[in-house]
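Only the coordinates and a few stated rules stand behind these numbers; no lab work does. Since we're looking at a predicted model, the values are computed, not measured.
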């Protein structure tokens, strides 16, 4: 392992927090919305079959892959078969599997981009270049590198690509022949329950990553990769070297849950509650820290904006006062930033109010 690689800033922050900390740092969903009753009921059915504790296929159990494939076919009008799905131990594992299976050493990423992806790319000693505007990809992309992008409610920026921009991405990719890794953990978290087609639908040499972490429960560590059958077959050796297969029990539990419940009715409930929390946090910022500039997101789990102060210095002061958020600097390769990311989904309304007010006091005490 490269000794220069540091732990994820966000994971370190989460480890440093305790019951007294008001945390806006992690990308944690609201645990009050976890379908506990439904999953508990499903688990009783799963435990009737001893295969839930047995080894299973590296690609994932067929019935779960069929259900995920059906989501692509029905919701994206993106015809997909079970053979085009690989189940992963969380979507995060997909980075390791894909990058270990491809020869490319250069990755092109958005500025800013997901810190977990940056960490995965760095630890594999990949060269990373960033882009701000789509037309820059005409120069940056080639058949020997990889484009990594989050199309919907980007982490951290909360940006979402329009249909026109998605077509532009696919046009450039089809011309330049790069590999596409399209990360889609938030694609269903639209406050109005509107879903956009992934870029992958228009570009065959692609890997679309999905996850149940944000829409059901992250502790199950269930994600997937959607790709054509030839690209899926390339991934088996890397997957097997990591964990042989994703948890049989968790896969069967999710499969039973999906068989007995309406996933998108549950997602609609999540979106309704997250929209309320986002608006409440936005209201608190406008009232207590009007100097913090941001645009209200239309989905996802974060508010991202800019302070007048150095956000890294402010974050260090805040954590000493038991308030946690993520400074924008950690989402860039090499750049100081006044930007910051706040997770609104995990904290209670009371903690959001107290936390933003307390952060305002910290800022005002320095003036």
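Comparing mean-square fluctuations of 141, 28, 129 from a GNM of the chain with C-alpha springs under 10 Å, the top value falls on 129.
An ellipsoid equivalent to the stretch 108-170, defined through the eigenvalues of its Cα gyration tensor, has semi-axes of 19, 16, 8 Å when rounded to whole angstrom and sorted largest first.
Return one number: the angle in degrees, 0 to 90 and rounded to the nearest 10, between the long axis of the Cα atoms of helix 36-46 and the longest principal axis of the Cα atoms of the chain. Roughly 20 degrees between the two axes. Mind checking which of 190, 343, 144 has the largest fluctuation in a GNM of the chain, springs on alpha carbons under 10 Å? Of the options given, 144 has the highest mean-square fluctuation.
Computed over the stretch 162-278, the alpha-carbon pair-distance distribution with 5 angstrom bins reads 2, 10, 16, 18, 18, 16, 12, 7, 1, each value a whole percent.
Taking the helices alone, the chain has a mean residue ellipticity at 222 nm of -12500 deg cm²/dmol, built from -39,500 (n - 2.57) per DSSP H run of at least 4 residues and averaged over all its residues.
Just to be sure I understand: of the beta bridges DSSP finds with both ends in the stretch 37-260, what percent are antiparallel, rounded to 5?
On the way: 9 of 27 bridges.
Here the antiparallel bridges make up roughly 35 percent for the stretch 37-260.
Equivalent-ellipsoid semi-axes (√(5λ), Cα gyration tensor) for the stretch 222-328, whole Å, largest first? Display every interim value, and only then the final one.
Working: eigenvalues 298, 93, 40 Å².
Output for the stretch 222-328: semi-axes of 39, 22, 14 Å.
For the stretch 37-260, the mean projected area of the C-alpha convex hull, equal to one quarter of the hull surface, is 11.9 nm². Relative to the first principal axis of the alpha-carbon coordinates of the chain, what is the inclination of helix 263-288, with its axis defined by its Cα atoms, in degrees from 0 to 90 and to the nearest 10? It works out to around 20 degrees.
First obtain the Kirkwood hydrodynamic radius of the stretch 215-258 from its Cα pairs, then insert it into the Stokes-Einstein equation at 25 °C and 0.890 mPa s, and state the resulting D in µm² per second as a whole number. Write down the numbers at each step before the final one.
Numbers: Rh = 12.0 Å.
Once the numbers are plugged in, D ends up at 205 µm²/s.
Here the Gaussian network model covers the chain, with springs between Cα atoms less than 10 Å apart; of 212, 37, 285, 37 fluctuates the most. Compute the angle between helix 248-260 and the longest alpha-carbon principal axis of the chain, please, reported from 0 to 90 degrees and rounded to the nearest 10. That works out to roughly 90 degrees.
One chain, two ends: residue 350 and residue 62. Fully extended at 0.36 nm per residue, the span grows by 99.3 nm beyond their Cα-Cα distance.
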